[in-house]
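Here's the structure, in structure tokens; my notes come after.
The values are calculated or read from the model by the stated rules, or taken from the named source; none is laboratory data. As the structure is a computational prediction, the values presented were derived from the model and not from experiment. Counting neighbours? That spans all protein chains shown, and the Cβs are built from the backbone with ideal geometry, glycine included. The accessibility values were calculated without ligands, DNA or RNA, using every heavy atom of the protein model including side chains. Shrake-Rupley method; radii C 1.70, N 1.55, O 1.52, S 1.80 Å.
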Amino acid sequence: MFDVFFRRGNPTNQWTRTPGLSLAADLSEPSLNKTPLGSPLEAFSFLGRSSSKGAAPLLEFGELGLALELAEDGTCSGFQVVFDTPEPEFRRYEGTMSYHGFAVDAANLADKCGDPYWEDRDEDGSVLFYEFPDYEIQVERSPERDVQRVILSNRPLLADAKARKALGVKRPWPPG
């Protein structure tokens, strides 16, 4: 009954998690369990009901260490893989990740991905930006350089000239 009030408009209310769900994020496709970014949101129903209250632009699946970003057209525009965060509602992602066919994890991700297009640093840590023609990978790291979160998006933040200016990006756009 309270779902009517507290989860109003959440598109995952009727979803059921696939029993024994194993997660596989492919950073080079990019996809989650072979479901590519840009797919209709319903294609991710295997994740089950989100832990989010409403239909925010970000649907959290805290117990899976995941979040989905929603586009206005009803598609999934991105996803986040959470390894470490001060947010208690997120557990550590326990699935697999690959990049161009190679297994990657939080410890070797930056090494396998190579040099980023841009790195934004401050006292709270850093964000590595990897730019591709159709998507962006952001790797959020702690001040100790531990990977906290990996964000994939088909709406690259650095494609926006204002965002590049705010972050002090000096490199040409689009990346070569």
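So which of T85, T96 ends up being of a type in the set (S, T, N, Q) and closer than 22 Å to L157 by Cβ?
T85
May I ask you to say which residue of L109, L152, L167, L157 is touching a strand residue (DSSP E or B) at 6+ places or on another chain (Cβ under 7 Å), among the aliphatic types (A, V, I, L, M) and more than 20 Å from F79 (Cα to Cα)?
From the options L109, L152, L167, L157, the qualifying one is L167.
I'd like the full set of residues that are of a type outside the set (A, V, I, L, M), over 14 Å from A110 (Cβ atoms) and part of a strand (DSSP E or B), limited to the stretch 128-176.
E131, E136, S153
One line per residue, one yes/no per condition, for (1) at pLDDT below 90; (2) within 19 Å of L21 (Cα to Cα):
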position: F83; (1), (2): no, yes
position: E89; (1), (2): yes, no
position: R92; (1), (2): no, yes
position: G95; (1), (2): no, yes
position: G101; (1), (2): no, no
position: N108; (1), (2): no, no
position: D120; (1), (2): no, no
position: G125; (1), (2): no, no
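Please enumerate the residues belonging to the stretch 19-39 that are farther than 23 Å from D73 by Cβ and of a type in the set (A, V, I, L, M).
L21, L23, A24, L27
Can you give me the number of residues within the stretch 102-127 that are in a loop (DSSP other than H, G, I, E, B), within 15 Å of K170 (Cα to Cα) and open to solvent by 30 Å² or more (accessible area, probe 1.4 Å)?
The number of residues fulfilling the criteria is 1.
So which residues in the stretch 30-47 are part of a loop (DSSP other than H, G, I, E, B) and surrounded by 17 or more Cβ atoms within 10 Å (Cβ to Cβ), if there are any at all?
Answer for the stretch 30-47, where residues must be part of a loop (DSSP other than H, G, I, E, B) and surrounded by 17 or more Cβ atoms within 10 Å (Cβ to Cβ): P30, L37, G38.
So which of A106, A161 ends up being free of Cβ contacts under 8 Å to residues at least 60 places away in the same chain and under 18 Å from the mean Cα position of the chain (by Cα)?
A106
Does E60 meet the test of being of a type in the set (D, E), at pLDDT below 95 and assigned to a strand (DSSP E or B)?
yes
Identify, by number, the condition in (1) open to solvent by less than 20 Å² (accessible area, probe 1.4 Å); (2) closer than 21 Å to F44 by Cα that N154 doesn't meet.
(1)
Consider V147 against the criteria (1) closer than 27 Å to G95 by Cα; (2) of a type outside the set (G, A, S); (3) at pLDDT 95 or above; (4) touching a helix residue (DSSP H, G or I) at 6+ places or on another chain (Cβ under 8 Å): it satisfies all of them except one. Which criterion is unmet?
Unmet condition: (3).
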